Amino acid sequence: MTFGIFFRALRNQACRYSPLLLAVILLSMAAFIGYDYFRTPPQGDLWRGHWAGCGNFHTLIDAADRNKLDYLSLDITDKETGQLFISGELILSADTYKKLRPNDDWSATVSLGELRSPRASFGMDQYIDVDMQKGERRWGNTMVFRVKETRLRASGWLRDFPFDTYRAGFVPSLKMSGSRDSNWTTVPLDTIITNVRLSDSMTVNKAVAWSDYVDDVALTAAERNKAYGEDECALIVRRAPWYRTMVVLLIVLLCIPAAYLVFRPDDNPGVDLIAVILGVATIRQFLLGNLVDWTLYSIDMVFVLVTVITAAIPLWHIYRRHDVPRAGDPGS
């Protein structure tokens, strides 16, 4: 008897303060989203934000005459679905261009080789075409050739959205061929740089040691502390903290109609159920776009669970009403 009284009192207190607690949680999450979105990365720690750089930038910065340098500048960008794309420019000095130009049938490709750190599975190098037929003459008679935009090969799964993580690691180099039948030869360049410029919804971390990047094989103590070379680019891309919090906040907001049905059982449940269904469709379209080939992600299971709970609560209330004996009934 005493336990029943205590349980009812605890339930009454929970019903009284839970809406206030939920409101505080929602406001706190909204405040964190605004703070994390507008804050800037720590000074000197840019790779913890949306930008990262790989390669020897000092060669370009310290050069007395940049027009005499031969270098490759690569750019990595992203899309909302977690896909990474790489493009860039090949800049040749006037002297180098004159040496290579006599052969009009030349071609070039950017080779993205494997990192030197161990992996559970090894793949082939990725090759990106360079448009050598449409060069653009710029300052100091340098010739600039466009590296065609290509999707960058990275490990990771969108099905884990919004907690998906992508790893992209490579060693870039330039290979050229004087004709279609000749072999590809590696062309020495003064420097190769890679600029990673991601949207505000993604963050990039440039791995310094092997242990920062490798997660699928066991490393020895010596390997864990081994640093990546200047020519290696090991990137770890994740969703920004504010973006993850925003997704969680939207899911919590979808649960509000279900909470109304729990505390106000006499309201019309059809309106709340329709609101949840429309909210799921809108949020899913906003976050991931249209459903393609019935490809479902983990977050889709959360949407289904929220919808089912919202539909089940009114049925539970109906069961309780019929289960409570009425006055005058036998056994009441």
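Each reported figure results from applying straightforward, stated rules to the coordinates on display, with no laboratory input. Here the structure is a predicted model, which means the values were calculated and not measured. Using ideal geometry, Cβ is built from the backbone for each residue, glycine included, and neighbour counts are taken over all protein chains shown.
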Protection proxy (average C-beta count within 10 Å per residue), highest first, orders 312-319, 162-169 as 162-169, 312-319
Lysines near residue 175 by alpha-carbon distance under 27 Å, same-chain residues fewer than 8 away left out - which ones? 68, 98, 99, 134, 148, 206
For the pair residue 302 and residue 56, the simple spin-label estimate (label points 7 Å beyond Cα toward Cβ) gives in nm 4.6
Label point distance in nm, residue 64-residue 212, each placed 7 Å from Cα along Cα→Cβ: 3.5
In debye, nearest 20: dipole of segment 144-285 around its Cα centre with unit charges on the Cβ of K, R (+) and D, E (-)? 340
The extension gain from residue 292 to residue 81, computed as 0.36 nm times the residue separation minus the Cα-Cα distance, is 74.7 nm
Which FRET efficiency, nearest 0.05, do residue 31 and residue 262 yield, Cβ-Cβ r, R0 25 Å? 0.40
Karplus-derived 3J(HN,Hα), 6.51/-1.76/1.60, for each residue of segment 171-176, Hz, glycine and proline x: 10, x, 7, 10, 10, 10
Expected sort for 18-27, 226-235 on mean C-beta neighbours within 10 Å, highest first, is 226-235, 18-27
Between helix 2-38 and the chain: long-axis angle, C-alpha atoms, 0 to 90°, nearest 10: 30
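DSSP beta bridges in the chain, what fraction antiparallel, as a percent rounded to 5?
Looking only at bridges with both residues in the chain, the antiparallel portion is about 90 percent.
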Counting only C-alpha contacts under 8 Å and six or more residues apart, can you give the relative contact order of segment 46-238 as a whole percent? 32
To the nearest 10 degrees, the tilt of helix 298-323 (Cα long axis) against the first principal axis of the alpha carbons of the chain is 0
Between residue 199 and residue 124, what is the label-point separation in nm under the 7 Å Cα-to-beta-carbon projection? 3.1
Using alpha-carbon coordinates, inclination of helix 241-254 to the longest axis of the chain, degrees: 30
Peptides 192-198, 32-38: what's the order by average Cβ count within 10 Å, highest mean first? 192-198, 32-38
Ignoring everything except DSSP H segments at least 4 long, calculate the 222 nm mean residue ellipticity for the chain; use -39,500 (n - 2.57) per segment, divide by total residues, nearest 500. -12000 deg cm²/dmol
Tell me, what is the percent relative contact order of the chain, built from C-alpha pairs under 8 Å that lie six or more residues apart? 20
